[in-house]
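The block underneath contains the structure these notes are about, expressed in structure tokens.
The values are calculated or read from the model by the stated rules, or taken from the named source; none is laboratory data. None of the values given here were measured: they were computed from a predicted structure. Quick reminder, even Gly has a Cβ in these numbers, built from the backbone with ideal geometry, and neighbours come from all protein chains shown.
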Amino acid sequence: MTKEQKDWIDNTTLELLLSKWRFSTMGDPWFQGECGTYYSSVMNEKRNADPEAWTTASKRVGWER
């Protein structure tokens, strides 16, 4: 994982994290190896810290492009 990837994950909005998670293509390098593990860890921490914000962001992102 690069410093730029870590910084983006740490500083982006929950809505953008969810959107990238849901709509990236299979095999996206953001979700492989150390970066993927870190990405999912940060998302889980944000979900657990504020479930209501998670639900709101999830509804905004939706499931269809």
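Across the stretch 1-53, what is the number of residues that are of a type in the set (D, E, K, R) and touching an Asp or Glu at 6+ places or on another chain (Cβ under 7 Å)?
0
Pull up the stretch 1-13, narrow it to residues that are within 24 Å of THR55 (Cβ to Cβ) and in contact (Cβ under 8 Å) with a residue 24 or more places away in the chain, then point me to the one that is surrounded by the fewest Cβ atoms within 10 Å (Cβ to Cβ).
Per the criteria, the residue is ASP10.
So which pairs qualify, if the first residue must be in the stretch 43-65 and farther than 11 Å from LEU14 by Cβ, the second must be part of a helix (DSSP H, G or I) and among the basic types (Lys, Arg), the Cβ gap must be under 9 Å, and the two must be at least 6 apart or on different chains?
GLY62/ARG22; TRP63/ARG22; ARG65/ARG22
Only one of LYS20, LYS46 is modelled with pLDDT of 95 or more and in a helix (DSSP H, G or I); which?
Only one candidate qualifies: LYS20.
Limited to the stretch 41-60, what total is found for residues that are surrounded by 14 or more Cβ atoms within 10 Å (Cβ to Cβ) and basic (Lys, Arg)?
Of the residues in that region, 2 qualify.
Residues of the stretch 14-33 being surrounded by fewer than 11 Cβ atoms within 10 Å (Cβ to Cβ) and touching a residue at least 24 places away in the same chain (Cβ under 8 Å), which ones?
Filtering the stretch 14-33 for residues surrounded by fewer than 11 Cβ atoms within 10 Å (Cβ to Cβ) gives 25-27, 33.
The answer is GLY33, and nothing else.
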